[in-house]
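**Student:** A single structure is presented below for examination.
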Ligand code: PAF
């Protein structure tokens, strides 16, 4: 496995790759969720490139960019064991040599300002911009993203479609702890007591999905009930929302593929999660 820090080095190494190339973009601090992305890439692509880059442009000044957990040596060892061919791990100055001021930015307004985007203004412009850069640099046939960040996945799919980027975006199912909590690097901000409480988010999403399966169609009421119960349990809820799975707008009468999404703060951690809920024709 090669670790490459420079754009020129990555481009030269990419020129030598024969067969399919799979890209797994990460911010490091890897857990089983990331390794599931690598496994999917390894199964489908002859060459696997993983990236480790804590992207400053997707953090607001008040957020945890400085304290975001950085575990580079451990991450590299895990990626090597998982069979990655190349790790691209650039410094900030390599990715943004002219700084952030006046930076050309990719924006996906239809999906960037709702849900998590409403609570984190500018976040998804930062994500779209860095992912567009990584897709240009690694020119992968496929790129792998976790379904846990459903809004991010939907936004990247829309960006790739709108910009005619020749990469297939592959969503990989969320990896959960035994009690249902979606794995996330930010789970380590939870105290033991908060960690015990945290799986309730997933359970509430399952309750909403089960109610929809059973025929409930007053989505506003389902959202309000679930948010109220999470608040009563101690969460500071940003949203619980039932949305069209692809466009993330409120469901229309003929919407069949739904996503139930939630974001809530618990102590120092902002937790997000989502699950699918499909409505059969005629149901
Ligand atoms: O999901 C993440 O870890 C990041 O948002 C990504 C896609 C690597 C872009 O920085």
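The values are calculated or read from the model by the stated rules, or taken from the named source; none is laboratory data. The shown structure was predicted, so the numbers you read here are calculated from the model rather than taken from an experiment. Quick reminder, even Gly has a Cβ in these numbers, built from the backbone with ideal geometry, and neighbours come from all protein chains shown.
**Student:** So is residue 107 more than 22 Å from residue 273 (Cα to Cα) and at pLDDT 95 or above or not? So that I can check it myself, show each step before the final result.
**Tutor:** Numbers: more than 22 Å from residue 273 (Cα to Cα): yes; at pLDDT 95 or above: yes.
It is true that residue 107 is more than 22 Å from residue 273 (Cα to Cα) and at pLDDT 95 or above.
**Student:** Search the stretch 134-156 for residues being part of a loop (DSSP other than H, G, I, E, B) and closer than 27 Å to residue 244 by Cα, and hand back the single one that is nearest to the ligand (Cβ to nearest atom).
**Tutor:** Only one residue fits best here, namely 149.
**Student:** Being without any contact (Cβ under 8 Å) to a residue 40 or more places away in the chain, out of contact with any helix residue (DSSP H, G or I) (no Cβ under 9 Å at 6 or more places or on another chain) and away from the ligand (no atom under 14 Å from the Cβ) narrows it down to one of 179, 164, so name that one.
**Tutor:** Values: 179 fails: out of contact with any helix residue (DSSP H, G or I) (no Cβ under 9 Å at 6 or more places or on another chain).
Testing whether each residue is without any contact (Cβ under 8 Å) to a residue 40 or more places away in the chain, out of contact with any helix residue (DSSP H, G or I) (no Cβ under 9 Å at 6 or more places or on another chain) and away from the ligand (no atom under 14 Å from the Cβ) leaves just 164.
**Student:** When you scan the stretch 28-45, how many residues do you find that are surrounded by fewer than 19 Cβ atoms within 10 Å (Cβ to Cβ) and assigned to a loop (DSSP other than H, G, I, E, B)?
**Tutor:** Looking only at that region, the number is 1.
**Student:** Would you confirm whether any residue within the stretch 192-206 is outside any helix (DSSP H, G or I) and away from the ligand (no atom under 16 Å from the Cβ)?
**Tutor:** Of all residues in the stretch 192-206, those outside any helix (DSSP H, G or I) come to 198-199.
If we keep only those that are away from the ligand (no atom under 16 Å from the Cβ) as well, we get 198-199.
Scanning the stretch 192-206, I find at least one residue that is outside any helix (DSSP H, G or I) and away from the ligand (no atom under 16 Å from the Cβ), so the answer is yes.
**Student:** Same structure again: Here is a list: 65, 124. Which entry is buried (at least 20 other Cβ atoms within 10 Å of the Cβ) and either within 19 Å of the chain's Cα centre (by Cα) or more than 18 Å from residue 23 (Cα to Cα) (or both)? Quick ask: steps written out before the conclusion?
**Tutor:** Details: 65 fails: buried (at least 20 other Cβ atoms within 10 Å of the Cβ).
Result: 124 is the single residue among 65, 124 that is buried (at least 20 other Cβ atoms within 10 Å of the Cβ) and either within 19 Å of the chain's Cα centre (by Cα) or more than 18 Å from residue 23 (Cα to Cα) (or both).
**Student:** Given the condition touching a strand residue (DSSP E or B) at 6+ places or on another chain (Cβ under 8 Å), in a loop (DSSP other than H, G, I, E, B) and within 16 Å of the ligand (Cβ to nearest atom), answer yes or no: does some residue in the stretch 57-72 qualify? Don't jump to the end; show me each part of the working.
**Tutor:** Going residue by residue through the stretch 57-72, those that are touching a strand residue (DSSP E or B) at 6+ places or on another chain (Cβ under 8 Å) are 72.
Filter once more, keeping what is in a loop (DSSP other than H, G, I, E, B): none.
There is no residue in the stretch 57-72 that is touching a strand residue (DSSP E or B) at 6+ places or on another chain (Cβ under 8 Å), in a loop (DSSP other than H, G, I, E, B) and within 16 Å of the ligand (Cβ to nearest atom).
**Student:** Then there's this: Looking at 41, 46, can you tell me which residue is touching a residue at least 12 places away in the same chain (Cβ under 8 Å), away from the ligand (no atom under 11 Å from the Cβ) and within 15 Å of residue 171 (Cα to Cα)? Give the derivation first.
**Tutor:** Working: 46 fails: within 15 Å of residue 171 (Cα to Cα).
Of the residues listed, the single one that is touching a residue at least 12 places away in the same chain (Cβ under 8 Å), away from the ligand (no atom under 11 Å from the Cβ) and within 15 Å of residue 171 (Cα to Cα) is 41.
**Student:** Which of (1) more than 13 Å from the ligand (Cβ to nearest atom); (2) touching a helix residue (DSSP H, G or I) at 6+ places or on another chain (Cβ under 6 Å); (3) under 17 Å from residue 10 (Cβ atoms) is the odd one out, the single condition residue 88 does not satisfy?
**Tutor:** Answer for residue 88: the failing condition is (1).
**Student:** Quick one: in the stretch 1-27, which of the residues that are more than 19 Å from residue 130 (Cα to Cα) and part of a helix (DSSP H, G or I) is nearest to the ligand (Cβ to nearest atom)?
**Tutor:** The extreme case among them is 13.
**Student:** Check off (1) in a loop (DSSP other than H, G, I, E, B); (2) within 15 Å of the ligand (Cβ to nearest atom); (3) touching a helix residue (DSSP H, G or I) at 6+ places or on another chain (Cβ under 9 Å) for residue 83 and give me the number that stays unchecked.
**Tutor:** Going through the list (1) in a loop (DSSP other than H, G, I, E, B); (2) within 15 Å of the ligand (Cβ to nearest atom); (3) touching a helix residue (DSSP H, G or I) at 6+ places or on another chain (Cβ under 9 Å), residue 83 breaks only (2).
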